[in-house]
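*Asks:* Below: one structure in structure tokens.
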Amino acid sequence: MSLDVRTVTASETTDWMRAVGTGFLAAGTPGEDVVADRLADADLSRVQGAFEAGRCVATFRSFAQELTVVGGATVRADAISGVTVTPTHRRRGLLSRMMATDLAAAKERGEPVASLIAAEYPIYGRYGFGPAAWTAGWEVAVRRAGFDPRRSGQPAGGGRVEMVDGADVRRVGPEVHRALAARQPGVVTRGERWWRQRTGAAPQMDHEKWTEPFYVVHRADDGAVDGLMVYDTDDTWGDAGQPLNTATVRDMIALNPAAERALWHYLCSIDWITTVRSGRRAPDDLLPLLLPDPRAARMVTNMDWLWLRMLDVPRALEARTYGTEASLVLDVRDDAGLAGGRFLLDASADGARCTPTTRSADLALGTGELSTLYLGDESVRRLVDLGRAEEVRAGAAATADALFRTGRRPWSPDVF
């Protein structure tokens, strides 16, 4: 039978969402309320499906996103999600067809980059993507952490931690997140639907049964909210009746180290909690060193997370700031013909100018490698040593590292 790859209509959304569930090993058909909620927030012109005999067998969608880059500015991103191919239809080029259509449309719209969270590492490099921000997670043995439980409600340096509910989070959370996005490279936008879904105010898929978490905020001395933590707990007891409960963080934003320390101190001081799992944090997160005994924190996750793909090299590179003042000629290869070329980057701490050039290249690399460097999380020297970039001019790798690398690593707290 022939395969029809095209945009999805409103009447096909239920079948499309069922196919997404199949691809992610979650069987079942979404309810009408779930479909209606998705349609209210969807741009169907950016939702693709492959159909055979009237049944959806592959899925792909994108949506508008803002990505914070080095220096605090944002760029428009073509955020890609819901990418699946039904097991019976793999190896037929369906993903390649949908990806090519989407990236060409994003290029036409003028979006400088595309973004995604990769379910598997080997898939997206062949489409010009590269891992631009990693994520880490820790497990804290509370009894070894060393916090004084008697001071859990009295953070050092003032301020206070207070419990709130989902409605409070929907009210104050977006402002706290915007403050984080104003300075943290790798952060992406959270829309109104995001906050409703994460606080139980939106319909959930059957395989995503909603359980109400606990919500706390940290208030500074002036009463302003400068930290937010969402967590849940299990109910585990030892054979002798001792509590062995684990608290798992679903979301945590802190706008300063004092708020961050206070929130971790609070969580590590709750009665019956013997283990804390941090959820997704930056690989250089402060958590272990905020503990009186850093050895109480064991890293349990360290993996690639946010992947980017250059679509407009000059606009993307001009959007961020750089660690020093220097010029660099980049020869960028792009097999898809979307963003390749030779570009002169004149950069400084205040910004940059990037223009096409015929000058000899200093550094040659692919779009995936340039995307990996974009937020400052990778070493050019390491890419050269791996054979993934070529140092055409001696010393170019050191110059590029001085330009692109940042003091703290990028962090993208969200999945999309």
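*Asks:* Which one of 36, 396, 319 has the biggest mean-square fluctuation once the chain is modelled by GNM with Cα springs under 10 Å?
*Replies:* Fluctuation is largest for 36.
*Asks:* So, one more: Build a GNM of the chain with springs between Cα atoms under 10 Å: which of 61, 382, 405 gets the top mean-square fluctuation?
*Replies:* Fluctuation is largest for 382.
*Asks:* Taking R0 as 35 Å, what's the FRET efficiency between residue 36 and residue 4 from their Cβ-Cβ distance, rounded to 0.05?
*Replies:* Approximately 0.90, to the nearest 0.05.
*Asks:* Right, here's the next one. Taking amide hydrogens as modeled 1.01 Å from N in the peptide plane, which residues meet the under 5 Å criterion relative to residue 336, leaving out close sequence neighbours?
*Replies:* For residue 336, no residues qualify.
*Asks:* Round to a whole number: what % of the accessible area of the chain belongs to carbon and sulfur, probe 1.4 Å?
*Replies:* Percent of accessible area from carbon and sulfur atoms in the chain: 49.
*Asks:* Distance between the C-alpha centers of the range 63-84 and the range 318-373? Whole Å please.
*Replies:* First find each Cα centre; the distance between them is then 19 Å.
*Asks:* Roughly what would the spin-label model give for residue 119 and residue 289, points 7 Å off Cα along C-beta, in nm?
*Replies:* Modelled inter-label distance: 3.8 nm.
*Asks:* Sticking with this structure for a sec: Below 8 Å, C-alpha to C-alpha, sequence gap of six or more: please give me the relative contact order for the chain in percent.
*Replies:* 19 percent
*Asks:* How are the alpha carbon pair distances in the chain distributed across 10 Å bins from zero to the largest one, expressed in percent?
*Replies:* 4, 20, 27, 25, 18, 6, 1, 0
*Asks:* Contour minus end-to-end for residue 193 and residue 402, with contour as 0.36 nm per residue of separation and end-to-end as the Cα-Cα distance?
*Replies:* Computed gain between residue 193 and residue 402 is 71.3 nm.
*Asks:* If you roll a 1.4 Å probe over the heavy atoms of the protein chains, what accessible area per residue do you get for the chain, in Å²?
*Replies:* Heavy-atom SASA per residue in the chain reads 45 Å².
*Asks:* Taking a ≥ b ≥ c as the square roots of the eigenvalues of the Cα gyration tensor of the range 70-175, is the shape rounded (a/c under 1.5), prolate (a/b larger than b/c) or oblate?
*Replies:* Prolate shape, in that a/c is at least 1.5 and a/b is the bigger ratio.
*Asks:* Just how far, in whole angstrom, is the range 241-268 from the range 162-191 if you go by their alpha carbon centroids?
*Replies:* 17 Å
*Asks:* If you add up the charges near residue 94, with Lys and Arg at +1 and Asp and Glu at -1, over every other residue whose beta carbon is less than 13 angstrom from its beta carbon, what do you get?
*Replies:* Net charge around residue 94: +2.
*Asks:* A follow-up question, please. Work out from phi, with θ = phi - 60° and the Karplus expression 6.51 cos²θ - 1.76 cosθ + 1.60, the ³J(HN,Hα) of each residue of the range 367-381, listed in order in whole Hz, and give x for Gly and Pro.
*Replies:* Karplus-based 3J(HN,Hα) across the range 367-381 equals 4, x, 5, 5, 5, 5, 7, 4, 8, x, 9, 10, 8, 5, 4 Hz.
*Asks:* In nanometres, what is the gap between the two model label sites at residue 327 and residue 104, each 7 Å from Cα along Cα-to-Cβ?
*Replies:* Label-label distance for residue 327 and residue 104, simple model: 3.7 nm.
*Asks:* Between residue 359 and residue 385, what is the label-point separation in nm under the 7 Å Cα-to-beta-carbon projection?
*Replies:* Distance between the two pseudo-spin positions: 2.8 nm.
The values are calculated or read from the model by the stated rules, or taken from the named source; none is laboratory data. What you are looking at is a predicted structure, and each value in this text was computed from that prediction instead of being measured. Reconstructed Cβ throughout: ideal geometry from the backbone, glycine too, with neighbour counts over all protein chains shown. For the accessible areas, the whole protein counts, side chains as well, though only heavy atoms, and no ligand, DNA or RNA atoms are used. Shrake-Rupley method; radii C 1.70, N 1.55, O 1.52, S 1.80 Å.
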